[in-house]
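First comes the structure, then the notes that go with it.
Quick note: the coordinates plus some simple rules give every number you see, no bench work behind them. As the structure is a prediction and not an experimental result, all values here were calculated from the model. All Cβ positions, even for glycine, are placed from backbone atoms using ideal geometry, and neighbour counts span all protein chains on display.
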Amino acid sequence: MVRTSKFLSRVLRHDPALIGLSLDEAGWVGVAELLAAAAAHGRRITRTELERVVAENDKRRFAFSADGRRIRANQGHTVPVDLGYEEAAPPAVLFHGTHPAVVAEIWRVGLRPMRRHAVHLSPDRETAERVGSRRGRPVVFTVDAAGMAAAGFVFQVSANGVWLTQRVPPEYLGGG
């Protein structure tokens, strides 16, 4: 399941052309089209396996359309998509988990989206620790989301509860 999830992340977030797919403007692709393209490129995935990955992925990275005919990643794209998330008022504090090698740079310039469309923030410290631990011991920053919102920064929340914003200047960071 992990291998399939990583494969889907690569295709649905970063490189649909890897298997000859194109995402629509909102990031959707037909399920049948995805399964056929994956199989044609040596990666057989059944509809049942796909449903299991969508349902059981701990970060809820993927979603089916209401009719179940299309699938997309919920956030984290490096290819141009408009996920259509509305502006939302964030909680007072959000969290960002990362690894120690980038801490000094974050203190200097803040959080930036890098290759993604937005900075990803977690609603709780535990999730941020899990995200930050992908590359070793995590470092967790607190984000003064209430202060940012009061200053006019825009927030959105993805379908899987990840908070998105264009940047977090260093003056809104704590912890680390």
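Annotations for the structure displayed:
- Among LEU12, ALA38, ASN57 - extreme Cα towards positive end, dipole of the chain, charges at beta-carbon: ALA38
- Distance between the 7 Å Cα→Cβ label points at ALA150 and HIS14: 3.9 nm.
- Taking only the C-alpha atoms of segment 93-175, the Rg (one decimal) and the largest Cα-Cα distance, Dmax (whole number), read 11.7, 34 Å.
- Paramagnetic reach from LYS6 (point 7 Å along Cα→Cβ, amide N under 18 Å) across segment 113-132: 131-132
- Note on MET114 and ASP67: the model spin-label points, each 7 Å out from Cα along the C-beta direction, lie 3.8 nm apart.
- The residue among VAL143, SER22, PRO80 whose Cα reaches farthest toward the positive pole of the charge dipole of the chain, with charges on the beta-carbon of Lys, Arg, Asp and Glu, is SER22.
- Rounded to the nearest 20 debye, the dipole magnitude of the chain is 780 debye, with +1 charges on Lys and Arg beta carbons, -1 on Asp and Glu beta carbons, and the Cα centre as origin.
- The chain: C-alpha gyration tensor shape, a/c 1.5 cut-off, then a/b vs b/c: prolate
- If the segment from ILE45 to VAL103 were pulled out straight at 0.36 nm per residue, it would be longer than the present Cα-Cα gap by 17.0 nm.
- Charged side chains reduced to their Cβ positions (Lys and Arg at +1, Asp and Glu at -1) give segment 2-73 a dipole of some 280 debye around its Cα centre.
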